[in-house]
1. Every residue in the range B:111-122 that is facing chain A (nearest Cβ under 7 Å), without any contact (Cβ under 8 Å) to a residue 60 or more places away in the chain and either under 15 Å from the mean Cα position of the chain (by Cα) or surrounded by fewer than 16 Cβ atoms within 10 Å (Cβ to Cβ) (or both), please.
2. So in the range B:44-66, with the set limited to residues that are among the β-branched types (V, I, T) and more than 7 Å from chain A (Cβ to nearest Cβ), which one is most open to solvent (accessible area, probe 1.4 Å)?
3. Can you find a residue in the range A:1-20 that is open to solvent by 60 Å² or more (accessible area, probe 1.4 Å), free of Cβ contacts under 8 Å to residues at least 12 places away in the same chain and not aliphatic (A, V, I, L, M)?
4. Quickly run through the range A:322-371 and pick out the residues that are of a type in the set (K, R) and either more than 7 Å from every other protein chain (Cβ to nearest Cβ) or assigned to a helix (DSSP H, G or I) (or both).
5. Go through the range B:52-76 and report how many residues are in contact with a Gly (Cβ under 9 Å, 6 or more places away or on another chain) and under 27 Å from A:D304 (Cβ atoms).
6. Which one of these is within 7 Å of chain B (Cβ to nearest Cβ) and either within 24 Å of B:T141 (Cα to Cα) or surrounded by fewer than 18 Cβ atoms within 10 Å (Cβ to Cβ) (or both): A:L300, A:L292, A:L318?
Amino acid sequence: MSDREVSVVLPAYNEEATIERTITVTLETLASFLPAGSFEVIIAEDGCADRTPEIAARLAGEDDRVRHCHSDERLGRGGALEYAFERAGGETLVYFDTDLATDMRHLEELVETVRSGEYDIATGSRWMPGNEADRPPKRTVSSLGYNWLVRRFLQSDLQDHQCGFKALSREVFDALSPHVEDEHWFWDTELLVRAQRDGYRVREFPVEWEPKGDTKVDLVRDVFGMGSQILRTWWQLSVSPRITRRVSMTAGSLLVFVALALMVVYLEPAAVLDAIEGADLGLVALSGLVYLASWPLRGLRYRDILDRLGHSSNTWFLTGAIFISQTGNLVFPARLGDGVRAYVVKARRDIPYPTGFASLAVERVFDLLSITVLAGTVLVGLVATGGTDRIAAAIAAEVRSSSRPGGIRISSVVPSRR
Amino acid sequence: MSNDSYADYVAGAVEQFVGDIERVVSDRRAFARVGLGSLLIWVVDVFTALVVFWAFGEPMTVALVAVAFFAVSVGNLAKVLPLSPGGIGLYEGAFTVIVVGLTTVAAPAALAISIVDHAVKNVVTVAGGLVSMGWLNVSLTTAVEESREAGDVDAEPTTPD
């Protein structure tokens, strides 16, 4: 295998009708510009349901330049390409679609661009001046839109990312393939985007391209599937490295600050402070005691839930565990404190993590249920007495009378209408 | 790109989640105990708010009690969105709008009551949390780190024991 310089991989999924001719044309073309014995053609047959595996095995048996790379399960287009490249012997890795939609006269340019060491990646383009693409309008729109999104969001300089006609060096493949996550149609784009980010030299050149009948492309998958992949890659490359815990904390706090600032626009801060200062401190302390009384109830409820899930524990210990996790939820954003409780009961009482997380979910469901029942009961009463109109009126009035100090007063109390 | 293993994972997680809730819900006694316990917990939560209303000199009326139930519930529903630590701001906002809309309490007083009510609850929580951390010898930062890792491990579909 060491004398192979160029490995051409042909991803094949149910291609029994075309695969044999494709192989013949590919071998002829490669032989026209490469020395004999310096190239191989690998059929990356991807869990085919038709006769493609048999044909591929026969071709591999007849010609030692042909290899058959078989997978029982469907790997997806990108997955099949990776699987085959890992097993290929060449330093220059090439692949193109088996329907030969791209004119094979471009193959020499594709291979030599990378083999010469001038570039790390070469890709055919249907969207460059000088190309000869001729395609139906539906695909034109979706393809142009797609490539525009990739350039915008993923900072790519290329005109066409999805042309199935590419070559890359072994070095690029080894460096990037562990980071490329998509295993299907987005694999090409992700590879090109990551290569540009990492400073590899990418050459795009115009090709003559002619769409073939059944290209296994559909609009829904393109729009939703590719769209979600663009977002995912954008998130990974541009957003997520910038989100540290500090940033999310700052963003959350900023949001609250804006909310409070908006409130202050409509309410006199001094009036609010006056009201707070006027409160009876003894009664405020009493409210704290009342609230404290709810905590052993939480511990008791948590004990009941864990008991039902097969773990007996102590109410006071569980009250403490809930205290710690709720404190965690206050200190950390995004309910990170929830996991704290699972940790405490695991570390101190050997209750397994799945049960810890599940019991928490049960508790949350009951909490939501309870407050919804409570709110719902009052809401029904309000609707029956026409009280909801008053909330809407109050919000509208508050906006209008925002300049008046002391805010607004509503003259009547809800049930007085009854 | 539909990813079958991801779909399996989601299905597995949902199954476990539903299974565990079922175990609590399917038993009538357990459901009643946990359900009543939850209602009681939230009733005490509302009583806390009512004592705060009292501290601000608001006369206790049936209407105020009803509104307090509504304001505390909706305030806590608003907190479900994990936007700020402890839902601070969200609770106050929802609480104030409801109280102003449905009672004779003036807007500044309503906001003041919501702030004090939420602050009292948070102070009690943090105080209880600090005491419990000392008592159970738990470091909050360690707990967060460890449980995050555990959360990742937990992502493997597992069957409830």
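1. If the condition is that a residue be facing chain A (nearest Cβ under 7 Å), without any contact (Cβ under 8 Å) to a residue 60 or more places away in the chain and either under 15 Å from the mean Cα position of the chain (by Cα) or surrounded by fewer than 16 Cβ atoms within 10 Å (Cβ to Cβ) (or both), then B:N122 is the only one that fits.
2. Only one residue tops the list, namely B:V65.
3. No, the range A:1-20 contains no residue that is open to solvent by 60 Å² or more (accessible area, probe 1.4 Å), free of Cβ contacts under 8 Å to residues at least 12 places away in the same chain and not aliphatic (A, V, I, L, M).
4. A:R341, A:K346, A:R348, A:R349, A:R364, listed by residue number.
5. Summing the residues that are in contact with a Gly (Cβ under 9 Å, 6 or more places away or on another chain) and under 27 Å from A:D304 (Cβ atoms) in the range B:52-76 gives 3.
6. Values: A:L300 fails: either within 24 Å of B:T141 (Cα to Cα) or surrounded by fewer than 18 Cβ atoms within 10 Å (Cβ to Cβ) (or both); A:L318 fails: within 7 Å of chain B (Cβ to nearest Cβ).
Answer to the selection: A:L292.
The values are calculated or read from the model by the stated rules, or taken from the named source; none is laboratory data. Since we're looking at a predicted model, the values are computed, not measured. Note that each Cβ is placed from the backbone with ideal geometry, even for glycine, and that neighbours are counted across all protein chains shown. Side chains included, ligands, DNA and RNA excluded: accessible areas come from the protein's heavy atoms. Shrake-Rupley method; radii C 1.70, N 1.55, O 1.52, S 1.80 Å.
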